[in-house]
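In what follows, a structure is listed as structure tokens, so that the remarks can point back to it.
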Amino acid sequence: MKAFFSADTIMAEQQTFKHIVRIAQVDVPGDKAIRIALTKIKGIGINVADILCTVAGIDKRHKAGNLSADDVEKLNNVIANPLSHGIPAWVCNRRKDYETGEDQHILTSTLNFVQDNDIKRLKKIKTLRGIRHQKKLPLRGQRTRSNFRRSKGKVIGVKKKAPAPAKKGK
């Protein structure tokens, strides 16, 4: 059987391998493929990770720990400004922002902050979604008869009638 790697290339790869890689201010595992490792960043799913790798020119099947510093910098630039690198607007997770009207892709703790502000705004202007949030009911048309019991309290069973006493014979 023919060996694909010589001992020298394996040793060099082991020396440059990093178990934790810092991408977009988040530590991602170096032992996973880069497309899977990027999903550890809040706001990046598997499809967005594939697109980011393609635009940055990085093979998405390589391990994240084998990335060079230049590759990590390319990936950080694409993640920071995805629209300026040719990624279409429909990939972004915040299209037509309420305040600015711009398309944005938001990551990590900023995503939590923006979501909380959106929910507070909906509650303040008393939209249907805001009212459903206040009452802790489902927002998107789900049925509530048998599900979503946490806001209704404990289930009360139905009591059966006690059997009527037998009448004495005539």
Fill in the blank from the handout: Of the residues in region 133-148, those that are closer than 21 Å to K123 by Cα and either under 22 Å from the mean Cα position of the chain (by Cα) or not hydroxyl-bearing (S, T, Y) (or both) come to H133, Q134, K135, K136, L137, P138, L139, R140, G141, Q142, F148
Handout entry: Among residues of region 91-120, those that are exposed (fewer than 13 other Cβ atoms within 10 Å of the Cβ), within 16 Å of the chain's Cα centre (by Cα) and not charged (D, E, K, R), counted
Key = 4
Exercise for the section: Please verify whether region 27-35 includes one or more residues that are closer than 16 Å to S109 by Cα, exposed (fewer than 14 other Cβ atoms within 10 Å of the Cβ) and touching a helix residue (DSSP H, G or I) at 6+ places or on another chain (Cβ under 9 Å). Expected result: yes
Fill in the blank from the handout: Going through region 121-137 in order, the residues found to be out of contact with any helix residue (DSSP H, G or I) (no Cβ under 7 Å at 6 or more places or on another chain) and surrounded by 12 or more Cβ atoms within 10 Å (Cβ to Cβ) are R121, T127, I131, R132
Handout entry: Failed criterion for E73 (all others in (1) in a helix (DSSP H, G or I); (2) charged (D, E, K, R); (3) under 30 Å from Q25 (Cβ atoms); (4) outside the structural domain of L52 (by TED's automatic domain parsing) hold)
Key = (4)
Exercise for the section: Would you confirm whether any residue within region 107-116 is modelled with pLDDT of 90 or more, over 21 Å from I46 (Cβ atoms) and among the polar types (S, T, N, Q)? Expected result: no
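The values are calculated or read from the model by the stated rules, or taken from the named source; none is laboratory data. Model, not experiment: these values are computed from the prediction. Positions of Cβ are backbone-derived with ideal geometry, glycine not excepted, and every protein chain shown enters the neighbour counts.
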